[in-house]
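Just below is one structure, and these are the notes that go with it.
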Amino acid sequence: MMQIKCLLLSGIRAPFDAPEGEIIKIAKAKMKRACLSVTGLHFRLYKKSFDARRKNAILQVCSVLAEYDQPIAVSEAALQKAEARPFAEELPVVTQGTQPLVARPLVVGMGPAGLFAALMLAEQGYRPILIDRGDSIEARAAATERFRTEGVLDTESNIQFGAGGAGTFSDGKLVTRVNDPLCNYVLRRLCEFGAPEEVLIKAKPHVGTDILRRVVDGMLNRIAELGGSVQYRTCLWIMLLKTVLYARKQTWARSRRVCWCLPSGIAQGIPLRC
Ligand SMILES: Cc1cc2nc3c(=O)[nH]c(=O)nc-3n(C[C@H](O)[C@H](O)[C@H](O)COP(=O)(O)OP(=O)(O)OC[C@H]3O[C@@H](n4cnc5c(N)ncnc54)[C@H](O)[C@@H]3O)c2cc1C
């Protein structure tokens, strides 16, 4: 027997148009059949995908979270019978340093990697300096439109470079082959900044280009509110990177801005070019 507070029930199949309530009913019945207690339980739809292999019988395939008010003892056999497993929401583990930093941390690149790194540093009170070689979303959208209509390429701010990173002008699918529990944390944070709640549940979530831009602006504003700095048109000069990493001295940006900082995250993405 083991003590469990929260269970994830998977493999729940229902007609493709079944509402959430019906899916939860199926989950409850499954638990009862496996002799798992259903008192003091709160259910929540966790993930949903579709099985369309049989065109005349399209199904939803769902998983449901079941959380008890108090931990209860359950057997391994009961869990197997209910196709359930213990579940705990994962949060990133942040270990605080013990010494004050000699300078502010620097994060290079405002794609998803850089945004999340800077947000986390800002929330821990480190006041990061976040730079990108490209422009803000608005200015970048204008540069991209100029390229589309007039064929004029801005080599620093374009469909690949600038706030939001390389996928900002895509259709906003949130696709990853990484099966990491922290993916949910990322989705929850995107919702906090305006992504629709359904991205938390859908197996192939999609945020949409317009919303994605607002989400990026929201994250950048939060970083600034927490004391971070957001600098556009500021390119890390890779020639000095080694000096920066080893000597921890100063970062020279091609825009001729010089700032005292600690290089903490290089999130330049795939189109790395200096
Ligand atoms: C056209 C396109 C469409 C895509 N569509 C999707 C999609 O629909 N769904 C999906 O999940 N993924 C999509 N992707 C993939 C997704 O964009 C990437 O996986 C993601 O952007 C990687 O994030 P990142 O933060 O690592 O890097 P990037 O997003 O590439 O961010 C890197 C940032 O660093 C900046 N930078 C680079 N060099 C320097 C420097 N020297 N100094 C300062 N700043 C610098 C760049 O300007 C850029 O903003 C798409 C990619 C492309 C190119």
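The values are calculated or read from the model by the stated rules, or taken from the named source; none is laboratory data. Because the structure is a prediction, the values reported are computed rather than measured. Every residue, glycine as well, gets a Cβ built from its backbone with ideal geometry; the counts of neighbours run over all protein chains shown.
For the range 87-109, the count of residues that are surrounded by 19 or more Cβ atoms within 10 Å (Cβ to Cβ) and either more than 30 Å from A166 (Cβ to Cβ) or at pLDDT below 90 (or both) is zero. Per the listing A14, A73, the residue uniquely over 30 Å from L119 (Cβ atoms), assigned to a strand (DSSP E or B) and modelled with pLDDT of 95 or more is A14.
Of all residues in the range 208-228, those being buried (at least 18 other Cβ atoms within 10 Å of the Cβ) and touching a strand residue (DSSP E or B) at 6+ places or on another chain (Cβ under 8 Å) number 3. Of all the residues in the range 50-82, those that are touching a strand residue (DSSP E or B) at 6+ places or on another chain (Cβ under 7 Å) and either over 17 Å from M2 (Cβ atoms) or surrounded by fewer than 17 Cβ atoms within 10 Å (Cβ to Cβ) (or both) number 13.
Condition check ((1) under 22 Å from E89 (Cβ atoms); (2) more than 7 Å from the ligand (Cβ to nearest atom); (3) under 11 Å from the mean Cα position of the chain (by Cα)) across all residues:
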residue: V102; (1), (2), (3): no, yes, no
residue: L106; (1), (2), (3): no, yes, no
residue: E123; (1), (2), (3): yes, yes, no
residue: D135; (1), (2), (3): no, yes, no
residue: T149; (1), (2), (3): no, yes, no
residue: T155; (1), (2), (3): no, yes, no
residue: C183; (1), (2), (3): yes, yes, yes
residue: L190; (1), (2), (3): yes, yes, yes
residue: P196; (1), (2), (3): yes, yes, no
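In the range 17-34, the condition of being over 29 Å from the mean Cα position of the chain (by Cα) and assigned to a loop (DSSP other than H, G, I, E, B) is met by at least one residue. Only one entry of G114, G97 meets the criterion of being within 27 Å of R127 (Cα to Cα) and within 16 Å of the ligand (Cβ to nearest atom), and that entry is G114.
Would you call V102 farther than 17 Å from R233 by Cα and touching a helix residue (DSSP H, G or I) at 6+ places or on another chain (Cβ under 8 Å)? When the stated conditions are applied, V102 does not pass them.
For (1) at pLDDT below 90; (2) part of a helix (DSSP H, G or I); (3) crowded, with 17+ Cβ neighbours inside 10 Å, each residue gets a yes or a no:
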site	(1), (2), (3)
V152	no, no, no
A163	no, no, yes
Y246	yes, yes, no
W260	yes, no, no
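Which members of the range 35-51 meet the condition of being among the hydrophobic types (A, V, I, L, M, F, W, C), at negative phi and more than 28 Å from the chain's Cα centre (by Cα)? The answer is L36, V38, L41. Take the conditions (1) modelled with pLDDT of 90 or more; (2) out of contact with any helix residue (DSSP H, G or I) (no Cβ under 8 Å at 6 or more places or on another chain); (3) outside any helix (DSSP H, G or I); F43 misses just one of them, which is (2).
Can you spot a residue in the range 216-227 that is farther than 22 Å from E90 by Cα, within 14 Å of the ligand (Cβ to nearest atom), small (G, A, S) and not in a strand (DSSP E or B)? For the range 216-227, residues farther than 22 Å from E90 by Cα, within 14 Å of the ligand (Cβ to nearest atom), small (G, A, S) and not in a strand (DSSP E or B): absent.
With respect to the conditions (1) closer than 22 Å to I137 by Cα; (2) out of contact with any Pro (no Cβ under 6 Å at 6 or more places or on another chain), E198 falls short on a single one, namely (1).
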